[in-house]
Amino acid sequence: MATQQTRLLGKLAVAPSVIVLFLWMIVPLALTIWFSLLRYNLLDPGNESFVWFLNYEYFLTDPAFFAALGNSLKLVFAVLAISIIGGTLLALLLDQAIVGRNIVRLMVIAPFFVMPTVSALVWKNMFMHPVSGLFAWLMKSVGLEPVDWFAQYPLTAVIIMVAWQWLPFATLILLTAIQSLDEEQKEAAEMDGTPPLSYFYYIVLPHLARPITVVILIETIFLLNVFAEIYVTGTGGPAGNLPYLVYFQGLLNFDVGGASAGGIVAVVLANIVAFFLIRMIGRNLEG
Amino acid sequence: MGTIVLKDVQKRFGDVTIIPNANLAIKNGEFVVFVGPSGCGKSTLLRLIAGLEDVSGGEIIIDGSDAAQLPPAKRGLSMVFQSYALYPHMSVRNNIAFGLKMAGMPKPEIEAKVAKAAQTLNLTDYLDRKPRQLSGGQRQRVAIGRAIVRQPKAFLFDEPLSNLDAALRVQMRLEIMQLHQTLGATMIYVTHDQVEAMTMADRIVVLNKGNVEQVGSPLELYNNPDSLFVAGFIGSPKMNFVSGEVAGQYQAQTIGVRPEHIALSSQSGAWEGTIALAEHLGADTFLHIDTKVGGRLTVRAAGEYDQGPGAKIWLTPEKNRIHRFDQNGRAIKNAA
Ligand SMILES: Nc1ncnc2c1ncn2[C@@H]1O[C@H](COP(=O)(O)OP(=O)(O)OP(=O)(O)O)[C@@H](O)[C@H]1O
Ligand SMILES: [Mg+2]
């Protein structure tokens, strides 16, 4: 009796927050779905009409959609690869007793605290600018033609900026993991005469499997949403991803219906990715 | 073969000297136990032999040649760690095989060796499990299996049983002794446990602040301790020490009598006392007795002793079982 009562009381107690959270999620989602079924253009107000799935048809057959989807995927995979491989190497390095280790660690972590907009501006104007950028100066000083990053390699430029932001995150997580490797296990491997590469492959890497999956999960969620770097550097045309395309439809083409349809497509895609990720992580976290 | 000789081995961590100067010769096939109080340098000495720490001076001669500068894997020794240190993501089979694989041994040979070790240690049914699916005793056996497949010159154990419960400890102790008989290999074993030290060792090495205090067979140490330190360390419950006037009667600064070498009587005896506490273990009773001559003494009485706290009692030490020590704590030989 008492337990049933406390259970009911518990449900009542959490009900308000659950309801608020649910409304918080469902109202925008429902509105977006509703808009996505309308012909709704800001240049033609008052003439909304119900068009069923026409917006989806347009969005999904638009060549810009495939380009954006491709850019989204390329961005996610490239940044994941750079941050995990680079993060592992950096973590291994920072785990060594190098001089000034604490300062180096702080420096490595720093980019993670820089706002995406700020970092994009810094990269755009100070590093990758074809005239006044540091890279251009370096190229010129060895007698080469400077690269105009945002015109010639826009997606690569975005990948570099985003990877610079996320590398510290991966490094930090992997460094903590490496440091939690059991000391006696290291010594057992030493007694077994394990050469460094085998030690990394057979002992360290399996130990890092879980933290790597966690990094993949968290980074993927954020990398699918990258927007500021593309917007600020003006690379949305050639290197725009799905969020940028939705922005483009809604606020540059004033097509709210099409943008909403794009938003829903993005939600579905993100859920597909999440589904596979959660399965993969579930397996890894069990193991 | 597996002879290990330590010659003037020293170890310092920074300015702190942990092992001032250790000398020891271990014969092939011997079972040597290191004992000593916590922090006296037992693990450090073992790790120096293993090569997990670098010596600050001296030689570690394994099978006739100095190995002090060799990396651990080149010394031909195997170590069993207190926390087992198994590789958690590898199966039992791969854990045992790992060292051989690293040594570049061909696969069929590895499989044969793993199978043999698993059989010796009753692990055959568990070869495909992960360490976390094993009990503590089974994990310890895997750790031992990993050590034996490499056919080392000597085994090093650092408190291998201290994470096990009492019953399992007794069983694993017997298994290790059995293994020692079967393999005939040299073993060095660090422990805190009196019973392990007394029952397993061919020779016990008592360490005190990094110094080798005494080396001898368990009974030698029990019967003829060289010093107060060894006398107090070997034996459980501890030897009773009495100094002052009574010790003077024996021409010594301090005399020591073990609890099992004192006779009790309710009528007459050498020393008078009052029972303060009685611990009943079933087979024995340990009586803690307040005496005028030397404070509280411990006495072992066989079986269930019928007198309880508060009872008057007389104690008589066995004449030829009294150990005498001079003012430096060294034993005076030819006991009175
Ligand atoms: N890496 C190290 N740096 C500095 N001091 C150390 C280090 N390792 C051990 N010591 C010191 O050396 C002394 C001996 O340590 P050791 O681990 O050998 O003791 P032990 O006899 O094995 O003790 P226990 O029975 O508690 O395991 C201790 O005082 C310890 O603080
Ligand atoms: Mg120790």
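Only one residue in B:L164, B:L179, B:L168 is away from ligand 2 (no atom under 16 Å from the Cβ) and at pLDDT 90 or above, so which one is that?
Details: B:L164 fails: at pLDDT 90 or above; B:L168 fails: at pLDDT 90 or above.
Result of the check over B:L164, B:L179, B:L168: B:L179.
Give me a count of the residues in segment B:182-192 that are surrounded by 20 or more Cβ atoms within 10 Å (Cβ to Cβ), more than 16 Å from ligand 2 (Cβ to nearest atom) and not in a strand (DSSP E or B).
Residues that pass the stated criteria total 1.
Report the residue count in segment B:96-112 for those that are in contact with a Lys or Arg (Cβ under 9 Å, 6 or more places away or on another chain) and either within 14 Å of chain A (Cβ to nearest Cβ) or surrounded by 12 or more Cβ atoms within 10 Å (Cβ to Cβ) (or both).
Qualifying residue count for the region: 10.
For the condition of a type outside the set (D, E, K, R) and within 20 Å of the chain's Cα centre (by Cα), what is the one hit in A:A177, A:A170, A:A91, A:A97? Steps first, please.
Working: A:A177 fails: within 20 Å of the chain's Cα centre (by Cα); A:A91 fails: within 20 Å of the chain's Cα centre (by Cα); A:A97 fails: within 20 Å of the chain's Cα centre (by Cα).
On inspection, the qualifying residue turns out to be A:A170.
I'd like to know if segment A:194-214 contains one or more residues that are in a loop (DSSP other than H, G, I, E, B), among the polar types (S, T, N, Q) and within 14 Å of chain B (Cβ to nearest Cβ).
Taking segment A:194-214 first, the residues in a loop (DSSP other than H, G, I, E, B) are A:194-195.
When the remaining residues are screened for being among the polar types (S, T, N, Q), the result is A:194.
Imposing the further condition that a residue be within 14 Å of chain B (Cβ to nearest Cβ) reduces the set to A:194.
Checking segment A:194-214: at least one residue is in a loop (DSSP other than H, G, I, E, B), among the polar types (S, T, N, Q) and within 14 Å of chain B (Cβ to nearest Cβ).
For B:E159, which of the numbered conditions (1) within 14 Å of chain A (Cβ to nearest Cβ); (2) within 16 Å of ligand 2 (Cβ to nearest atom); (3) closer than 17 Å to B:I26 by Cα; (4) not β-branched (V, I, T) fails to hold?
Exception for B:E159: condition (3).
What do you reckon, is B:Q82 within 16 Å of ligand 1 (Cβ to nearest atom) and closer than 29 Å to B:V16 by Cβ?
Spelling it out, B:Q82 is indeed within 16 Å of ligand 1 (Cβ to nearest atom) and closer than 29 Å to B:V16 by Cβ.
So if I check each of B:L46, B:L52, B:L70, which one is within 13 Å of chain A (Cβ to nearest Cβ), of a type in the set (A, V, I, L, M) and within 11 Å of ligand 2 (Cβ to nearest atom)?
After applying the criteria, what remains is B:L46.
Just to be sure I understand, how many residues within segment B:229-288 are outside any strand (DSSP E or B), in contact with a Ser or Thr (Cβ under 8 Å, 6 or more places away or on another chain) and crowded, with 17+ Cβ neighbours inside 10 Å?
Here the count works out to 3.
Can you tell me which of B:G36, B:G14 is crowded, with 22+ Cβ neighbours inside 10 Å, near ligand 1 (Cβ under 8 Å from one of its atoms) and assigned by TED's automatic domain parsing to the domain that holds B:P218? Quick ask: steps written out before the conclusion?
On the way: B:G14 fails: crowded, with 22+ Cβ neighbours inside 10 Å.
Matching residue, one of B:G36, B:G14: B:G36.
In segment A:166-193, which residue that is among the acidic types (D, E) and closer than 20 Å to B:D54 by Cβ is farthest from the other protein chains (Cβ to nearest Cβ)?
To start, the set of residues in segment A:166-193 that are among the acidic types (D, E) comprises A:182-184, A:187, A:190, A:192.
The next check asks that each one be closer than 20 Å to B:D54 by Cβ; those that pass are A:183-184, A:187, A:190, A:192.
Values: A:E183: 9, A:E184: 4, A:E187: 5, A:E190: 5, A:D192: 4 Å.
So the residue we want is A:E183.
Going through segment B:149-160 one residue at a time, which ones are surrounded by fewer than 24 Cβ atoms within 10 Å (Cβ to Cβ) and under 21 Å from B:F34 (Cα atoms)?
Within segment B:149-160, B:P152, B:K153, B:D158, B:E159 meet the criteria.
Pull out all pairs, ordered by first then second residue, where Cβ-Cβ is under 7 Å, the residues are six or more apart or on different chains, the first lies in segment A:182-207 and is over 17 Å from B:Y84 (Cβ atoms), and the second is small (G, A, S) and surrounded by fewer than 16 Cβ atoms within 10 Å (Cβ to Cβ).
Short answer, once both residue conditions are applied: A:G193/B:A103.
Give the residues of segment B:289-323 that are part of a loop (DSSP other than H, G, I, E, B) and basic (K, R), sorted by residue number.
Listed by number, the list holds a single entry, B:K292.
With respect to B:S43, determine if the residue is surrounded by fewer than 23 Cβ atoms within 10 Å (Cβ to Cβ), in the same structural domain as B:G145 (by TED's automatic domain parsing) and free of Cβ contacts under 8 Å to residues at least 40 places away in the same chain. Talk me through it step by step, then tell me what you get.
Values: surrounded by fewer than 23 Cβ atoms within 10 Å (Cβ to Cβ): yes; in the same structural domain as B:G145 (by TED's automatic domain parsing): yes; free of Cβ contacts under 8 Å to residues at least 40 places away in the same chain: no.
Answer is no for this residue.
Being in a helix (DSSP H, G or I) and either more than 23 Å from the chain's Cα centre (by Cα) or not assigned by TED's automatic domain parsing to the domain that holds B:F31 (or both): is that true of B:E220 here?
On the way: in a helix (DSSP H, G or I): yes; either more than 23 Å from the chain's Cα centre (by Cα) or not assigned by TED's automatic domain parsing to the domain that holds B:F31 (or both): no.
No; evaluated as a whole, the condition is false for this residue.
Residues being out of contact with any strand residue (DSSP E or B) (no Cβ under 6 Å at 6 or more places or on another chain) and farther than 12 Å from B:A147 by Cβ: count how many of those fall in segment B:77-99.
10
The values are calculated or read from the model by the stated rules, or taken from the named source; none is laboratory data. Quantities reported herein were computed from a predicted structural model and do not represent experimental measurements. Here the Cβ is made from the backbone with ideal geometry for all residues, glycine too, and neighbour counts use every protein chain on show.
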